[in-house]
């Protein structure tokens, strides 16, 4: 029903999720000459996880933010407040509300975040929770899979900066090839 409303232009529908990358990316497919074992040299250290938040409006936009280490409620709130400002402008200009589809992750449902729902709704941003254990219903999951399997797979990075640059370049490349807008949010980590 949400997808029909979005297709009719009645709402702006976005899918939110988080994922992560590490300096040693998995090898999902590889080849080597017959009789030669495939080898991949790993970097001396595994490094810290590069976390990513993403908001995808299928075929139209992909907004994301990168952060070293694990994702927490403060970074979620920062990203959502950025999205709220866009939702408020969209509501004013077009009358469209914004609906963000997401899972029941603890970061999305903690008390600090739940207190913000009424404020966000008053500005035009609504949260729609997927049924529990149904991550396949979140369309952004396919984007994470394509980034990991098609863009980053089988690559090893010397440091977190190189990994972050590869992720940014991959997102930019995918958006250019597929004809949608990519925009990066920069977290304030004070």
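Bear in mind that the values in this text are calculations on the coordinates, not laboratory data. Just so we're clear, the structure is a prediction, and the values are computed from it rather than from any experiment. Cβ: placed from backbone, ideal geometry, glycine included. Neighbour counts: every protein chain shown.
Figures for the structure shown
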| quantity | calculated |
| --- | --- |
| Modelled FRET efficiency - R0 45 Å, residue 115 with residue 68, Cβ distances, 0.05 increments | 0.95 |
| Relative contact order for the chain, counting Cα pairs under 8 Å that sit 6 or more residues apart, in percent | 32 |
| Distance between modelled label sites at residue 145 and residue 81, nm, 7 Å Cα→Cβ extension | 3.5 |
| With Cα atoms, 0 to 90° folded angle of helix 160-178 axis to the chain main axis | 60 |
| Label-point separation in nm, residue 165 to residue 132, each point 7 Å along Cα→Cβ | 4.4 |
| Acute angle (nearest 10 degrees) that the helix 73-94 long axis makes with the longest principal axis of the chain, alpha-carbon atoms | 50 |
| Simple spin-label estimate for residue 188 and residue 94 in nanometres, 7 Å along Cα-Cβ | 2.7 |
